[in-house]
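Some notes on the structure that comes next.
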């Protein structure tokens, strides 16, 4: 299984901080499309994705147990 | 009368922090030459001069009561 | 810790203390504070949120990048999260280097990189609403300051 | 006091506190510390001396120059005098501005100006002697009436 984390406005839109699904085998782009459809999320397109706390590419494949975070444009500092 | 102040290596060379002389009527260049000769100071040429805590030009005239400071190249910071 | 996400007010001196070195002649700090007015609009307070474990890693990465680019540099960064009032300190970056030009440049580099790669977000609270900043590229913010029906989860 | 010559160790936070403003989003500080090695030569300690009353005036002048050049800037500077050991803090410059680029630039301007116009001198004590720094260029008078950049130590 895979834990998916939401932050900032994505967390507000999802209505939760995280969900757990089986995403193994999907690449990042496929996972985003899946989550957008299944959870009615309209703003995932502008988010980056991190796998296990490192930024990932759309083509990177999710492995069993990976933690996936959707990272909206950051605004720290 | 006028108080003349020495700092850093000029103070070391003069052997004192200040002297009092009558410098009124001299310009800065004349005063420097006078002090260099009278007090055997060899390093006044490289010093700037301040009259009453403002940098002065060689041609500025000393007035009665002015405080004159000889300012070696600064090295604060 | 040299790279830290803090839930309490940041002690600036403690961040500075972590970069003191005998080889350094210069320490620069950048202190990001909550500003009341942005483009004439009054902010009441901010809320910062972080993906904390990844944020610490990314701050460490920035420290490594700086040490690779500026010889002899030492770096410490603390970013606060939670609710911050006007003039509160959101971030402190301290950089020490042998010579001063590097201390300014490396410090500037750190804040620009924080704004690029560190997963921290701020929500601005105004008198008439709130918004997560950083999503300006979205077509939907909350133009009326509150979620409208079409913005709500269904 | 925003512009000060101090005989005791400088409290960095106190200098920062003087430039906190609701309109500022950025505060930069420059902290000049005593470095052990310069060009491979080991410094044991430094002694700073100031023409104190004039130095305060010149620090104030730098503050005024910055406020003229960088809108909304606030500035505080404390320079220490006396004997300083390695890693001791010689000078703290704090600048606050609405936006961060200005805070870096204005701060850098302040330290460069201090090295040009503020009557403060340092004497370096090495293992094999001592010297007032800044007097290496003894043939150079000041053609413009003030020190220029090329006359200065790095």
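Observations, loosely collected:
- Dividing the mean sequence gap of close Cα pairs (under 8 Å, 6+ apart) by how many residues segment A:2-59 holds gives a relative contact order of 30 percent.
- Highest to lowest packing among B:56-68, A:52-64, scored as the average C-beta count within 10 Å: B:56-68, A:52-64
- Here the label points at residue D:8 and residue A:63, each 7 Å from Cα along the C-beta direction, are separated by 5.9 nm in the simple model.
- Note on segment A:34-77: Rg/Rh from C-alpha atoms, Kirkwood Rh, equals 0.98.
- Average partner coverage of B:8-15, which counts Cβ from other chains inside 10 Å: 4
- Copy-to-copy label separations for residue D:9, where each label sits 7 Å from Cα toward Cβ, in nm and ascending: 2.1
- The helix-based estimate of mean residue ellipticity at 222 nm for the protein assembly as shown, built from -39,500 (n - 2.57) per DSSP H run of four or more residues and divided by its residue count, is -8000 deg cm²/dmol to the nearest 500.
- Counting neighbouring beta carbons within 10 Å and listing from fewest to most, the residues A:17, D:4 come out as A:17, D:4.
- Identity and axial distance of the chain B residue whose Cβ lies nearest the axis relating B to A, Å: B:77, 14
- Shape of segment D:31-97, Cα gyration tensor, a/c cut at 1.5: prolate
- The overall shape of chain D is prolate: from the C-alpha gyration tensor, with semi-axes ordered a ≥ b ≥ c, the ratio a/c is 1.5 or greater and a/b exceeds b/c.
- Shown for residue B:18: label points 7 Å from Cα along the beta-carbon vector, and their distances to the equivalent points in the other copies, 7.2 nm in ascending order.
- Shielding by partners - mean other protein chain Cβ count within 10 Å, residues of B:57-64: 1
- Values of log10 I(q)/I(0), in the order q = 0.13, 0.15 Å⁻¹, for chain A under a Debye, Cα-only, solvent-free model: -0.32, -0.43
- Inter-copy separations for residue D:44, label at 7 Å along Cα-Cβ, nm, ascending: 6.3
- For chain A, the longest principal axis of the C-alpha atoms and the axis of helix A:28-38 are separated by about 70°.
- Three-way shape call for the protein assembly as shown based on the alpha-carbon gyration tensor, with the a/c threshold at 1.5: prolate
- For the residues of D:47-54, the average number of beta carbons from a partner chain within 10 Å of their own beta carbon is 5.
- The distance between label points at residue D:38 and residue D:67 comes to 3.3 nm (points 7 Å beyond Cα on the Cα→Cβ vector).
- FRET efficiency, 1/(1 + (r/R0)^6) with R0 56 Å, evaluated for residue C:23 and residue A:19 via beta carbons: 0.70
Every number here is computed from the coordinates shown, using simple stated rules; none is lab data. These figures come from a predicted structure and were not determined experimentally. Ideal geometry is used to build each Cβ from the backbone, glycine not excepted, and the neighbour counts take in all protein chains shown.
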